[in-house]
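Everything on this sheet refers to the single structure shown next.
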Amino acid sequence: MSYVLEAREEANRLESQAEIPQYSLRRELESITLYEKDRVLDAGCGSGLLCRYLAKNYNDLIIDGVDFSDLRIKQAQNILKGTSSEKLINYSRANLESLEVENNTYDHIISRYVFEHLLEPQVVSDELFRVCK
């Protein structure tokens with residue numbers, strides 16, 4: 001099967017891929033210092049793996065996960081449902097080129113494996129800089 005971003009099976013592939021050592025969230029985040037009450041944006045959250053990792057491993061973060069795909073957001077919400085992290089994460093559909101939040105909203109923005117899929121990566125970069133403190 002060829003890669004199709006909107007395929008229902010994509011969330012399962014992303015979850016499985018996260019088990020591969022080369023995709024270790026712990027290793028990728030070890031140089032980032034997060035503090036209580038920091039607001040973090042997962043830009044292009046997909047299945048919500050990063051959001052769930054942050055909620056599980058860091059205390060009292062405010063975590064927003066956004067994705068352009070309605071299907072991905074629904075899948076992320078379904079995976080989260082009934083877990084202890086359910087109240088810690090806010091998922092919503094958003095266009096990374098035009099986020100509906102004020103300037104300087106986020107303490108940290110993390111975007112994993114997203115930019116290679118963007119049509120206008122500079123526009124998205126500018127927007128992420130706008131919303132980051």
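Quick notes on this structure:
- Estimated from helices alone, the mean residue ellipticity of the chain at 222 nm is -9500 deg cm²/dmol (sum of -39500 (n - 2.57) over DSSP H runs with n ≥ 4, per residue).
- Heavy-atom accessible surface of the chain: percent carbon and sulfur, 1.4 Å: 49
- Anchor residue 87: lysines whose Cα lies under 18 Å away (excluding residues fewer than 8 positions away in-chain): 37, 56, 74
- With contacts taken as Cα pairs under 8 Å and at least 6 residues apart, the chain reaches a relative contact order of 24 percent.
- Å² of accessible area per residue within the chain, as computed with a 1.4 Å probe and no ligands counted: 62
The values are calculated or read from the model by the stated rules, or taken from the named source; none is laboratory data. Computed from a predicted model, the values in this text were never measured in an experiment. We work out accessible area using only protein heavy atoms, side chains counted, and drop any ligands, DNA or RNA first. Shrake-Rupley method; radii C 1.70, N 1.55, O 1.52, S 1.80 Å.
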